[in-house]
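Derivation of every value follows stated rules applied to the coordinates shown; laboratory data play no part. Small disclaimer: the values here were computed from a predicted structure and weren't measured. All Cβ positions, glycine included, derive from the backbone under ideal geometry; neighbour counts span all protein chains shown.
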Amino acid sequence: MKKLVLVSLKTFAFFVGWAICVSILPIPDTKSAAVWRFWAELIPLLSVIGFTIIFSFYQ
């Protein structure tokens, strides 16, 4: 039971941290829709990669 609670808390912390990070980081305002879409996809991807690295060291 203790492990289930610990894994659940880590999962919750991961997704909440990712959501906060993605909402705080600004997407650059560009004239091209393709460039804007690139940044809109890149920022969440880098946030997930960053949080994965942090959580893999924290285990």
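Brief remarks on what is shown
- Working from Cα pairs under 8 Å separated by at least six residues, relative contact order for the chain is 36 percent.
- Were the residues from Lys3 through Thr52 laid out at 0.36 nm apart, the gain over their Cα-Cα distance would be 15.7 nm.
- For the chain, the list of trypsin sites (Lys or Arg not before Pro) that fall in a loop by DSSP and count at most 15 other C-beta atoms within 10 angstrom reads Lys31.
- Paired Rg and Dmax values of the chain, which use every Cα atom, in angstrom: 14.9, 52
- For the chain, the longest principal axis of the Cα atoms and the long axis of helix 2-24 meet at an angle of about 20 degrees.
- In sequence order, calculated HN-Hα J values of the stretch 39-51 (Karplus, 6.51, -1.76, 1.60; Hz; x Gly/Pro): 5, 5, 8, 6, 4, x, 4, 5, 5, 5, 4, x, 5
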